[in-house]
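Below is one structure, written out as structure tokens; the observations come after it.
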Amino acid sequence: MEKKRILIIEDEKDIVLFLKEALEDEEYEVIAVGNGLDAQEIMKNRSFELVILDMLLPGEHGMNIVDYIRDNFFTPIIITSGIYKRDEILSTFEDSNVKDFFQKPFKIKELLKKIDSILNEKKL
């Protein structure tokens, strides 16, 4: 069976390594990029079951990436941020692909549980 592919869009290397290791331990295929332009480029050529997106990225704000994904794909998104608040993000993106929000620092077990829930919900 093919592994489910997750795209991490995050510029903090420590967070990328932490997420990548945790997700690969759960048998996901993980690709990580550090900015929005690279994310858009890779999404043109590969499909993903889920995107984990940081809001503050070099070059392109996370809001623009959400719009890009919404306009071109049906891929669910989990947003992470150290400065934005959950209610603020979820109300801003209530009609988009955004499925949840995690405030940094987040608990990896909670994130993994949410990812599993989103990916299994999608199959129905």
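Every read-out reported here was derived from the displayed coordinates using simple, explicitly stated rules and does not represent laboratory data. Worth saying up front: this structure is predicted, and the values here are computed from it rather than measured. Counting neighbours? That spans all protein chains shown, and the Cβs are built from the backbone with ideal geometry, glycine included.
Please tell me if E110 is closer than 13 Å to L7 by Cβ, outside any loop (DSSP other than H, G, I, E, B) and of a type in the set (D, E). Steps first, answer last, please.
Values: closer than 13 Å to L7 by Cβ: no; outside any loop (DSSP other than H, G, I, E, B): yes; of a type in the set (D, E): yes.
Considered against the rule, which asks whether it is closer than 13 Å to L7 by Cβ, outside any loop (DSSP other than H, G, I, E, B) and of a type in the set (D, E), E110 comes out as no.
Return the residue satisfying two criteria in turn: it lies in region 1-18 and is touching a residue at least 40 places away in the same chain (Cβ under 8 Å) and not β-branched (V, I, T), and of such residues it is nearest to L119 (Cα to Cα).
Filtering region 1-18 for residues that are touching a residue at least 40 places away in the same chain (Cβ under 8 Å) and not β-branched (V, I, T), the one nearest to L119 (Cα to Cα) comes out as K4.
Out of region 68-91, which residues are touching a residue at least 12 places away in the same chain (Cβ under 8 Å) and not hydrophobic (A, V, I, L, M, F, W, C)?
We begin by selecting, within region 68-91, every residue touching a residue at least 12 places away in the same chain (Cβ under 8 Å); these are 68-70, 72-86, 89.
Answer for region 68-91, where residues must be touching a residue at least 12 places away in the same chain (Cβ under 8 Å) and not hydrophobic (A, V, I, L, M, F, W, C): Y68, R70, N72, T75, P76, T80, S81, G82, Y84, K85, R86.
Looking at region 38-64, which of its residues are among the hydrophobic types (A, V, I, L, M, F, W, C) and more than 21 Å from F106 (Cα to Cα)?
Applying the first criterion (among the hydrophobic types (A, V, I, L, M, F, W, C)) to region 38-64 yields 39, 42-43, 48, 50-53, 55-57, 63.
Listed by number, the residues that qualify are A39, I42, M43, F48.
I need the full set of residues from region 72-104 which are under 20 Å from E26 (Cα atoms) and either out of contact with any helix residue (DSSP H, G or I) (no Cβ under 9 Å at 6 or more places or on another chain) or aliphatic (A, V, I, L, M) (or both), in order please.
Matches in region 72-104: I77, I78, I79.
Restricting attention to region 22-37, does a residue exist that is more than 19 Å from F106 (Cα to Cα) and without any contact (Cβ under 8 Å) to a residue 24 or more places away in the chain?
Checked against the condition, which is being more than 19 Å from F106 (Cα to Cα) and without any contact (Cβ under 8 Å) to a residue 24 or more places away in the chain, region 22-37 yields at least one hit.
Within region 55-100, restricting attention to residues that are assigned to a helix (DSSP H, G or I) and hydroxyl-bearing (S, T, Y), which residue is nearest to G34 (Cα to Cα)? Don't jump to the end; show me each part of the working.
First pass over region 55-100, keeping only residues assigned to a helix (DSSP H, G or I): 62-72, 86-92.
Those still in the list that are hydroxyl-bearing (S, T, Y) too: 68, 91-92.
Values: Y68: 16, S91: 26, T92: 23 Å.
Ranking the candidates gives Y68 first.
Can you find even one residue in region 60-79 that is small (G, A, S) and surrounded by fewer than 18 Cβ atoms within 10 Å (Cβ to Cβ)?
Of all residues in region 60-79, those small (G, A, S) come to 62.
Within this subset, residues satisfying the condition of being surrounded by fewer than 18 Cβ atoms within 10 Å (Cβ to Cβ) are none.
No, because not a single residue in region 60-79 is small (G, A, S) and surrounded by fewer than 18 Cβ atoms within 10 Å (Cβ to Cβ).
Only one of (1) among the charged types (D, E, K, R); (2) within 23 Å of M1 (Cβ to Cβ); (3) within 14 Å of the chain's Cα centre (by Cα) is not met by R46, so which one is it?
(3)
Restricting to region 92-124, name every residue that is touching a residue at least 60 places away in the same chain (Cβ under 8 Å) and of a type in the set (V, I, T).
Within region 92-124, I108, I115, I118 qualify.
Please work out if E10 is surrounded by 14 or more Cβ atoms within 10 Å (Cβ to Cβ), under 14 Å from the mean Cα position of the chain (by Cα) and not β-branched (V, I, T). Spell out the reasoning first.
Values: surrounded by 14 or more Cβ atoms within 10 Å (Cβ to Cβ): yes; under 14 Å from the mean Cα position of the chain (by Cα): yes; not β-branched (V, I, T): yes.
Yes.
Somewhere in region 34-43, is a residue surrounded by fewer than 19 Cβ atoms within 10 Å (Cβ to Cβ) and touching a Gly at 6+ places or on another chain (Cβ under 8 Å)?
Within region 34-43, one or more residues are surrounded by fewer than 19 Cβ atoms within 10 Å (Cβ to Cβ) and touching a Gly at 6+ places or on another chain (Cβ under 8 Å).
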